[in-house]
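Peer 1: Before anything else, here's the structure in question.
The values are calculated or read from the model by the stated rules, or taken from the named source; none is laboratory data. All values derive from a computational prediction rather than experimental measurement. Here the Cβ positions follow ideal geometry from the backbone for every residue, glycine too, while neighbour counts run over all protein chains shown. Heavy atoms of the whole protein, side chains included, go into the accessibility calculation; ligands, DNA and RNA do not. Shrake-Rupley method; radii C 1.70, N 1.55, O 1.52, S 1.80 Å.
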Amino acid sequence: MSEAPFQYKSQAVIDEAETKLKGEGINVAQTVFQSALLDWVDDVTMGDLGSNMDSVRGEIANLWLAYAKLNRSLNLNKSATEVYEQATNCPVAGGMGKIWAEYTQFLEERGRPRTAQKIYLRALVGGGGADTGPGVTDLADQDMLWNGFLRMMQSLRKNPDLTLEDLKKAVGKEHLGQSVTPADSADQIQTGGAPVPDQPVSSMPGEPPKQDEMEAEDAKRPAKRSRWDQKASVETETVRASSIDAVAGVLVATSNNMPSDIETLWHARDGGSLPSRPEPPMFTASPPKLGDPSGKDLVGNETALKILAMLTAKTHDEKSLGSALLDLCNACWMMTALKEEEIVKAQDSLEKKIIADREAMEVDLDARASVAGGALAAVQQANEKERNSFTAQSEDQRKQLLAYGAWEFRKLLYTQQIILSSAKLPGFEGPTVDSAVIVFQSKVCSVMHSAFYLRARVGETSHVNMLTKQRESLEKIIQTSAKNELVEEPKYQAPFQMQQQLMPPQPMQQQPMQQPMQFQQPMAPQFSQPPPMMYAGQPQQPPMMGAPPPMGYQAMPTGFQPQMMMQPQQFPGQLNAHFQRRQN
């Protein structure tokens, strides 16, 4: 078997999921697995991988097992069971024996032998129906599962003498019968007809029961009746076929006739140029690939939360409202596809007509030139003018068709805005031609497109469970961000200069005399500061014994006369000459 291409390496996805688990939590890590599995399964089922098919199939199986192991590591046994069920139903990797073997091992570890027997029988002989065959068809994988099934039965019945041939005969005999189900037949092998029930046990001694085990125990207990346990009356609306037809007729009439004010706004957008299609369209041909199924990266947290709430909503009788909304979006997508097909067919018809007309014209022009005689030059000039006229006429027809297609897509956009506004989809509040609003509506429709495509692929139950987890995670994110916004920011402090201006005037105080600026000049020996500058006429008094020198003065040895090496400075006028005489 050849090695899988680099873009189908399961270990890279596993490493990314582990990183997301440590940094962002379990929901994001699960999303990494879900996105990779959906993309890879689509690539295998819709693409042509050639010799790489088996290797990619093995990488997909590794992803399923790693996804289940992630949930098992966090004691999410119910989620792990759902992942195993999805893996066994996978159209690409569902027939691989290692998935079924690990599933049965997981059930045995949790003390669910009856469920494990059902899984073995589904893999080896099918579900018992007339149209269902064994889940695993590879002979080597079947031998592995039969040996595992035999080992479990020998251990469970404490009968090491049970042989594989006896087990196969008993399973085949009971499986062909209609009065006994396959699971019951396996339970009754070497037991005298007493089936063995599932016994939920903890994975470790002394460990408290897990959440799903507690729920199973609670389900067995009879519900306590209470006088307060009275269901409130639920108001329901009776929907009749006549009312549906009336609403549909009004909607169709409204969508087919674009109001004059909307047309005027489109003309204003066109200006003097030809009309063009609304960009971007509400729906594209293929579903978009979203990094986050909630769509918060596209539409923001608030809008994504509203969409998730609508997709996971249920009626009073526990029916999904999200499926109806997704069916409506799917219908809008089909409207776009049909309109696109209509315009393409019209363009092809026009091009074929132009080609046929040009060929017929060339035949007439050649016949005219053949009988021109001496007036051939004039006939050729007339023919050239006719060709140019035909080319210009063809371009006008193409422009008219483009303008017609643009207005058809504008009407389609108006219809889709009316329909989705009536469904109260976030971002839709009636028809509009605003570019910014259309861009946002296109992002919302991208989220819905991905949602109805994904629900068709994985089923309603799995899709609703995934969206419910996304909604809970997004609610926590919004609550956390709201709390962070409520934190009081530090008060603004004015700069130092502004504070001085704002301070009230203080009474005049005697400030100490600032030290005069001194120029550092080279001297021998060098001291940290030069000797003080003496003003003319200032008497020098000897310092008191033991008294510290005043600030700005340097203590000198007695009798020391430093020779200052001062560079000539340029001073204006007499001061410069006086300074040079003193230096000399």
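Peer 1: Please report Rg over Rh for the stretch 297-362, where both radii come from the alpha carbon positions and Rh follows the Kirkwood definition.
Peer 2: 1.42
Peer 1: Any idea how far apart residue 286 and residue 385 come out in nm if each label point goes 7 Å out from Cα toward Cβ?
Peer 2: 5.3
Peer 1: Under a Cβ-Cβ cut-off of 13 Å, what is the net charge of the residues other than residue 474 that fall near it, where Lys and Arg count +1 and Asp and Glu count -1?
Peer 2: Summing Lys and Arg as +1 and Asp and Glu as -1 gives -1.
Peer 1: Sticking with this structure for a sec: Using a simple spin-label model with points 7 Å from Cα along the Cα→Cβ vector, what separation in nm is obtained for residue 317 and residue 348?
Peer 2: 4.5
Peer 1: Under a point-charge model restricted to the Cβ atoms of Lys and Arg (+1) and Asp and Glu (-1), what is the dipole moment magnitude of the stretch 254-309 relative to its Cα centre, in debye to the nearest 20?
Peer 2: Its charge dipole is roughly 180 debye.
Peer 1: Rg and Dmax of the stretch 375-437 over Cα atoms: what are they, in angstrom?
Peer 2: Computed over the Cα atoms of the stretch 375-437, radius of gyration and Dmax are 22.8, 73 Å.
Peer 1: Let me ask you something else. Please report the net charge: other residues with Cβ closer than 10 Å to the Cβ of residue 30, K and R +1, D and E -1.
Peer 2: +2
Peer 1: Determine ³J(HN,Hα), in whole Hz, for all residues of the stretch 284-292 in sequence, where each value follows from phi through the Karplus function 6.51 cos²θ - 1.76 cosθ + 1.60 and θ = phi - 60°; x replaces Gly and Pro.
Peer 2: Here the 3J(HN,Hα) series is 9, 5, 10, x, x, 9, 9, x, 10 Hz.
Peer 1: Here is a further query. Note down the net charge around residue 97, summing +1 for each Lys or Arg and -1 for each Asp or Glu among other residues with Cβ under 13 Å from its Cβ.
Peer 2: Within the 13 Å Cβ shell, the charges total -1.
Peer 1: Checking the cross-link filter: which lysines have an alpha carbon closer than 19 Å to that of residue 98, excluding same-chain neighbours under 8 positions apart?
Peer 2: Here the lysines satisfying the reach criterion relative to residue 98 are 9, 69, 118.
Peer 1: Can you compute the label reach from residue 456? Point 7 Å from Cα along the Cβ direction, backbone N cut-off under 15 Å, restricted to the stretch 307-331.
Peer 2: Answer for this model: 323-331.
Peer 1: Report the full-extension gain for the segment residue 12 to residue 378: residue separation times 0.36 nm, less the Cα-Cα distance, to one decimal in nm.
Peer 2: Here the segment from residue 12 to residue 378 would lengthen by 124.2 nm.
Peer 1: Moving on to the next point. Using θ = phi - 60° and the Karplus relation 6.51 cos²θ - 1.76 cosθ + 1.60, list the HN-Hα couplings for the stretch 267-283 in order, rounded to whole Hz, with x at every Gly or Pro.
Peer 2: Each residue of the stretch 267-283 in turn: 4, 5, 5, 6, x, x, 9, 5, x, 10, 5, x, 10, x, x, 5, 9 Hz.
Peer 1: Moving to a separate point now. Residue 350: accessible area at probe 1.4 Å, nearest 10 Å²?
Peer 2: 30
Peer 1: Separate question: Which order do peptides 134-147, 152-165, 87-100 fall in by mean Cβ count within 10 Å, highest first?
Peer 2: 87-100, 134-147, 152-165
Peer 1: Using only the heavy atoms of the protein chains and a 1.4 Å probe, how would 432, 19, 284 rank by accessible area, largest first?
Peer 2: So, going from the largest accessible area down, we get 19, 284, 432.
Peer 1: Something else now. Karplus couplings for the stretch 98-106 from phi (6.51 cos²θ - 1.76 cosθ + 1.60, θ = phi - 60°), rounded to Hz, Gly and Pro as x?
Peer 2: Those phi angles translate into 5, 5, 5, 5, 5, 4, 5, 4, 4 Hz.
Peer 1: Give the span of the stretch 275-390's Cα atoms along each principal axis, as three whole-Å numbers ordered largest to smallest.
Peer 2: Here the spans come out as 90, 29, 22 Å, largest first.
Peer 1: Where a Cα-Cα gap under 24 Å defines reach, which lysines qualify for residue 314, not counting those fewer than 8 residues away within the same chain?
Peer 2: Qualifying lysines at Cα under 24 Å: 78, 231, 296, 306, 424, 469, 476.
Peer 1: If you take the beta carbon distance between residue 422 and residue 472 as r and set R0 to 41 Å, what does 1/(1 + (r/R0)^6) give as a FRET efficiency, to the nearest 0.05?
Peer 2: E(calc), rounded to 0.05, equals 0.90.
Peer 1: Between residue 402 and residue 163, what length in nm is gained on full extension when 0.36 nm per residue of separation is reduced by their alpha carbon distance?
Peer 2: The span from residue 402 to residue 163 would gain 78.4 nm if fully extended.
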